[in-house]
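Everything below concerns the one structure shown next.
The values are calculated or read from the model by the stated rules, or taken from the named source; none is laboratory data. Since the structure is predicted, the reported quantities are computational estimates derived from the model, not experimental observations. Positions of Cβ are generated from backbone atoms using ideal geometry, with glycine treated the same way; all protein chains shown enter the neighbour counts.
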């Protein structure tokens, strides 16, 4: 997914304006993404800071009028993979292909019956959903954040994650099934009937 | 909502329907798909009707519970570093 990079030659005043008006408005969404990826407040701070400094350093390759949020999210995701994923508390590198194959198997769909009810969700007033989301494998967590929290389109997600659009669609579908599975475990443990 | 007693309780395409309704909620379905599903299928199929409301409820809950704001001092520190960069 190589894109042609047009180098601009912004003046300091332009850089400053782009940074303030195009980049800073996304800082809360970016922080949340950093936190959900690292699951650690200090790492999230460092990751956010690194990402914004990188964004500034590479500002000449940002095209004004294009989607700044997607551009920033992509930098953050790449920084996370390159600098944080190795040292994070995530379990030792999972063979992603294996995970994807497993979750794409028909078995998983058969197991996942919609036994979760809207009423049991309305009782989840604490951290249940946040914990359920955090418990997902980082690749599944990521697509839910990008789509359901940040409202990115599949095509934008494909660019942010450097994966084909078909993979975005199937990964998202698996991720939502897994999230429902976690939520229904919570619902059961809370004593609500799920079916 | 239509009379539940008149709705079917099994959906022969549940997997496909779930994928379609997610695409609709994601704003990725065509107008025709959307109209057919929302106007015709949803009113007559109980599992899909329930799935639809569950998907909506999960998204609402995610938005309500899974966002957080950047600490103010972190924002200030980033701004300061950029200003220093500009002056350098």
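Determine whether residue B:84 is within 13 Å of another protein chain (Cβ to nearest Cβ) and either under 30 Å from residue A:20 (Cα atoms) or over 18 Å from the mean Cα position of the chain (by Cα) (or both). Taking the combined requirement at face value, the residue satisfies it. Exactly one residue out of B:31, B:19 is away from chain A (no Cβ under 14 Å), farther than 21 Å from residue A:124 by Cβ and without any contact (Cβ under 8 Å) to a residue 12 or more places away in the chain, and it is B:31. One residue stands out in the stretch A:156-168 among those that are surrounded by fewer than 19 Cβ atoms within 10 Å (Cβ to Cβ) and out of contact with any helix residue (DSSP H, G or I) (no Cβ under 6 Å at 6 or more places or on another chain): the one that is nearest to residue B:30 (Cα to Cα), namely A:166. Residues that are at the interface with chain A (Cβ under 7 Å from one of its Cβ atoms) and not in a helix (DSSP H, G or I) within the stretch B:36-80 comprise B:66, B:67, B:68, B:69, B:70, listed in sequence order. Does residue B:10 count as more than 8 Å from chain A (Cβ to nearest Cβ), surrounded by fewer than 18 Cβ atoms within 10 Å (Cβ to Cβ) and closer than 29 Å to residue A:39 by Cβ? Judged against the criteria, residue B:10 is not a match. Taking the stretch A:47-66 as the range and being out of contact with any helix residue (DSSP H, G or I) (no Cβ under 7 Å at 6 or more places or on another chain), more than 9 Å from chain B (Cβ to nearest Cβ) and either more than 17 Å from residue B:79 (Cα to Cα) or without any contact (Cβ under 8 Å) to a residue 12 or more places away in the chain (or both) as the test, the residues that pass are A:60, A:61, A:63, A:65, A:66.
Taking the conditions (1) within 12 Å of chain B (Cβ to nearest Cβ); (2) surrounded by fewer than 16 Cβ atoms within 10 Å (Cβ to Cβ); (3) at pLDDT below 95; (4) part of a loop (DSSP other than H, G, I, E, B) in turn, residue A:90 satisfies each one other than (1). Here residue A:20 fulfils each of the conditions (1) within 12 Å of chain B (Cβ to nearest Cβ); (2) loosely packed, with under 14 Cβ neighbours inside 10 Å; (3) touching a helix residue (DSSP H, G or I) at 6+ places or on another chain (Cβ under 7 Å) apart from (3).
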